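Some notes on the structure that comes next.
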Amino acid sequence: MIQESYSKALLVLEDGTVFRGRSFGAEGEVSGEVVFNTSMTGYQEVITDPSYNAQMIAFTYPLIGNYGVNSQDVESDGVKAKAMIVRDYVADYSNWRAEMSLGTYLKNNNVVGICEVDTRAITRHIRNHGAMKCVVSTLDSRIDSLIKKAQKDLGLIGRNLVKEVTCKMKYIWSGSEGHLKKVVVMDYGVKYNILRMLAAMGIEVHVMPANTSASEVLALNPDGVMLSNGPGDPRVLTEIVAEVKKMIGKVPIFGICLGHQLIGQALGATISKLKFGHRGGNHPVKDLETGKVEITSQNHGFCVDIDSVNEQEIEITHINLYDNTLEGMKHKVYPLFSVQYHPEAYPGPHDSSYLLRRFCDLM
Amino acid sequence: MSKRTDIKKVLLIGSGPIVIGQACEFDYSGTQACRVLKQEGYEVILINSNPATIMTDPEVADKTYIEPINTYTIEKIIKKESPDVVLPTLGGQTALNAAVELYEQGILAKYNLELIGASYPVIKKAEDRNKFKASMQKIGLDLPQSGFAYTIEEAEQIANRIGTFPLIIRASFTLGGTGGGIVYNREEFVEKVRYGFKCSPVTEVLIEESIIGWKEYELELMRDYKDNVVIICSIENIDPMGVHTGDSITVAPAQTLSDYEYQIMRDAALKVIREIGVETGGSNIQFAVNPKNGRMVVIEMNPRVSRSSALASKATGFPIAKIAAKLAVGYALDEISNDITKETPASFEPTIDYCVVKIPRFTFEKFKGAKDELGISMQSVGETMALGRNFKESFQKGMRSLEIGCSGYILDKKEKEFSAIADAEMIKLVSQPSSERFFYIRSAFKRGWTLEKIVDLTGIDKWFLAQFKGIVLMEEEIKAKGINHKEFLIKVKQSGFSDHQIAMILNQKESDIRAKRKNLGVEPVYKLVDTCAAEFEAYTPYYYSSYDAEDEGF
């Protein structure tokens, strides 16, 4: 199983389950929550998505690295996932846009990668027992000590991870300066493609740190406010929720993923953690207005409890056909709507890009 | 709307005789369709001229006519049976062509019969290359430069306009690319165009810019009457453009597309199916991609269940023909459940956590005078499909399933013969697509030829050639090290080496290798095909073997 050029690596879950593999990224030891992603393409976008902060991603597709990496397919300024867990790492990549191998990229970004582990077994384990904490190490080979380290990881519950990934200072998305409409994007860990798509629709995109107050946002007199995706437990973001509340009704708002969960809380709904989350590019979501099904890009471990939504005030617009969880809602009075999934794709299908146009139409 | 209640009797057209280019995959789709329509309470009348099929077994349809598939016979059956609708999309090109003729001869109108699955305008739009080209231009998709000719003079004008050889000649409305070919000079051009006119029932020939050497991909799609569209499977050909898909080794899912490129292709496929207007059922759309700059062109579309649909069904666990039949009678994708997971609907895109390789089977030895060279007319007579956790494993499994006497990517008998071939000759053999080219490539690697050299000679993507090279290198490693170490043996088995193959490499007996392997505790495990990469529990017992940690079989 081991080739000489690669060192051994261990993946140990908090419940004591052990997977032995080898390292294909940086040497080191990291802990975090292990989740699985079922997309067959898009590994570079996935690992650079800030919503994966503090998580380790097991890829269900067994051949990872096939098309290398390039400098365009990034969703933030670097790798945000803590580790990559793959069945077979493919060093011999081929693609006309490729600039280097995935392994080299991980090493350059000092990110741990473990391969030659049964990612299907890991996926089944998480499916049956729920997302759990784990450690990946190329340094420590003592199982007992690794189990303890996994258990000691802070996990996601109760953690504010937004402050780790939000921008430090506000900025205008390069190339969007001077556009006619102005949108403030609250950066809770925003994926670049949200910014790219808004800019492409003729919007001047003002990206602001997560702790920016509502009054500061409204003072810019934006045509709309986008509440971005982001990592961690949305239930602890009470200060942000309070600011979101102040913006509702004053300006058109569109929330994506974490942004949707913040809106949910601002409107009185509750949040729960899903057993193992939705991560992939094939989830069917039904638009209840048109009856049509969209194939969506998903990445979330928490969701807005569908039964907690005040239907006097809010209309449920989208549901997940896999498990009937809430995927989209809109306010009955104010220009405000949100979705749990990712209309900006990258990776994943473009079926839902109409939502960004809909946001524009509100302005 | 849900299931249609205005129809009671369905006439299903089968695919007729098994010929090169149209084999038992349409028996598979037709049989599935008969069964599902009967389950739904429809009376199924089947016409198929081939009694050696499953679909003509007495219990499959309600009534089966083993008669020639032509309008004369079909009209007689229509007169006698008075069906409400005709379903022509599950019997391959034969059935589709029959439907076109039934329409054009006014028979459908005379008996007030509706075509379900694909209407006449849809079939024409997809199959008539002029109309297809206009449709693609309308939706802004790129195509190879081309033109239609009905006379030699017209053909020459088009050739002059495109300006360079080679050119592709395709005869319209023929099976498996009959009457087509690649031409490299004016004499070949004239000869091929004349032959194409002869083969085409409408004396029509398409002359096309050559995209030989480009990468070739296929997407399998399904659409319902609500306009929900899902991609079932992506398939990548190992042989670049120039070798018929049916004659190429293919792999699912596509291996060398990044998500950015895959989504562009997916978007294009959605546009195509919507523009052509396939209202319900399956379609197959083929694309070519220039490996140097990523330029993507649409090649063609089949508005029906195709040869690749059978492959895509088995590869993903998504029963395309069965769902296509349900969509044709009015169901929407979200109204049908996924048989494998039971709890999730069919309106999703399968995601797989293994690698599927299809390898064509040729019998050039049985066709005296046929040259073992592959081109754009299909010549294979069958295929194998293998599943594994990686490409090497699936490829080697597929090779030994061909029953051509090789126990993997290895020459069981001809090793000496191949190693005696002179280098100059080997260059030709590696460059020319043939049924044995992959063995010549193996020999070339064994001679120490570089990856880059073989990429240049074959035009095959470096990704695949690196995989082949990996197998060859492992063979050398086995020879050098033996299989005494468990960790190494696991790695060998994970790369798809059979015990017999290892025995040949080490010049030992297969039984000894097996005994040694069992002694070391290296045993296969079984993994489920579940359409969802283990996200949900699966209920259909459909497994493949592999060498990995967890066994789901027992």
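The values are calculated or read from the model by the stated rules, or taken from the named source; none is laboratory data. This one's a predicted model, so the numbers in the text were calculated from it and none came from an experiment. Methodologically, a virtual Cβ is constructed for each residue, glycine included, from the backbone with ideal geometry; neighbour enumeration extends over all protein chains shown. Ligands, DNA and RNA are excluded from the accessible area calculation, which covers all protein heavy atoms including side chains. Shrake-Rupley method; radii C 1.70, N 1.55, O 1.52, S 1.80 Å.
Structure notes:
- Only one of the listed residues (B:Glu383, B:Glu373, B:Glu425) is in a strand (DSSP E or B) and more than 14 Å from chain A (Cβ to nearest Cβ). That residue is B:Glu383.
- For the stretch A:80-94, residues that are open to solvent by less than 50 Å² (accessible area, probe 1.4 Å), over 18 Å from B:Lys491 (Cα atoms) and not polar (S, T, N, Q) total 5.
- Every condition in (1) at pLDDT 95 or above; (2) within 28 Å of the chain's Cα centre (by Cα); (3) surrounded by fewer than 22 Cβ atoms within 10 Å (Cβ to Cβ); (4) among the hydroxyl-bearing types (Ser, Thr, Tyr) is met by B:Ser435 except one, and the failing one is (1).
To keep it simple, each residue is scored yes or no on (1) of a type in the set (Lys, Arg); (2) under 30 Å from B:Thr89 (Cβ atoms).
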position	(1), (2)
B:Glu188	no, no
B:Glu208	no, yes
B:Ile211	no, yes
B:Arg223	yes, yes
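- Residue tally, condition in a helix (DSSP H, G or I) and either surrounded by fewer than 21 Cβ atoms within 10 Å (Cβ to Cβ) or in contact with an Asp or Glu (Cβ under 7 Å, 6 or more places away or on another chain) (or both), over the stretch B:48-93: 9
- Residues satisfying the stated conditions in the stretch A:97-123, i.e. buried (at least 21 other Cβ atoms within 10 Å of the Cβ) and of a type in the set (Lys, Arg): A:Arg120
- For the stretch B:386-398, residues that are open to solvent by 10 Å² or more (accessible area, probe 1.4 Å) and away from chain A (no Cβ under 14 Å) total 1.
- Residues located in the stretch A:184-196, provided they are in a helix (DSSP H, G or I) and β-branched (Val, Ile, Thr): A:Ile194
- Within the stretch B:32-91, if we keep just the residues that are under 21 Å from B:Ser119 (Cα atoms) and among the small types (Gly, Ala, Ser), the residue that is modelled with the lowest pLDDT turns out to be B:Gly91.
- B:Ser443 passes every criterion in (1) within 27 Å of B:Leu311 (Cβ to Cβ); (2) of a type in the set (Gly, Ala, Ser); (3) not in a loop (DSSP other than H, G, I, E, B) apart from (1).
- Some residue of the stretch B:296-310 being within 14 Å of chain A (Cβ to nearest Cβ), open to solvent by less than 10 Å² (accessible area, probe 1.4 Å) and in contact with a Ser or Thr (Cβ under 7 Å, 6 or more places away or on another chain): no
- Identity of the residue in the stretch B:234-256, open to solvent by less than 10 Å² (accessible area, probe 1.4 Å) and among the hydrophobic types (A, V, I, L, M, F, W, C), that ends up modelled with the lowest pLDDT: B:Val243
- When the stretch A:120-143 is filtered for residues that are free of Cβ contacts under 8 Å to residues at least 60 places away in the same chain and not in a loop (DSSP other than H, G, I, E, B), the ones remaining, listed by number, are A:Arg124, A:Asn128.
- Counting only helices (runs of 4 or more DSSP H) that fall entirely inside the stretch B:447-554 and contain at least 2 residues that are open to solvent by less than 10 Å² (accessible area, probe 1.4 Å), the qualifying elements are B:462-481, B:486-494, B:499-506.
- Checking each residue in the stretch A:289-311 for being in contact (Cβ under 8 Å) with a residue 12 or more places away in the chain, more than 12 Å from chain B (Cβ to nearest Cβ) and either part of a loop (DSSP other than H, G, I, E, B) or not hydroxyl-bearing (Ser, Thr, Tyr) (or both) picks out A:Glu289, A:Asn299, A:His300, A:Gly301, A:Phe302, A:Cys303, A:Val304, A:Asp305, A:Ile306, A:Val309, A:Asn310.
- Verdict on B:Arg266 being among the charged types (D, E, K, R), open to solvent by 10 Å² or more (accessible area, probe 1.4 Å) and in contact (Cβ under 8 Å) with a residue 24 or more places away in the chain: no
- A:Met84 being under 25 Å from B:Ala252 (Cβ atoms) and in contact with a Pro (Cβ under 8 Å, 6 or more places away or on another chain): no
- Exclusive hit being of a type outside the set (Val, Ile, Thr), surrounded by 24 or more Cβ atoms within 10 Å (Cβ to Cβ), in contact with a Lys or Arg (Cβ under 9 Å, 6 or more places away or on another chain) and away from chain A (no Cβ under 14 Å), set B:Gly282, B:Gly277, B:Gly330: B:Gly282
- For the stretch A:75-110, a residue qualifies if it is basic (Lys, Arg) and under 23 Å from the mean Cα position of the chain (by Cα), and the qualifying residues are A:Lys80, A:Lys82, A:Arg87, A:Lys107.
- In the set (1) open to solvent by less than 60 Å² (accessible area, probe 1.4 Å); (2) in contact with a Cys (Cβ under 8 Å, 6 or more places away or on another chain), B:Ile18 fails one condition alone, (1).
- Count of the stretch A:249-277 residues which are within 14 Å of chain B (Cβ to nearest Cβ) and open to solvent by 10 Å² or more (accessible area, probe 1.4 Å): 3
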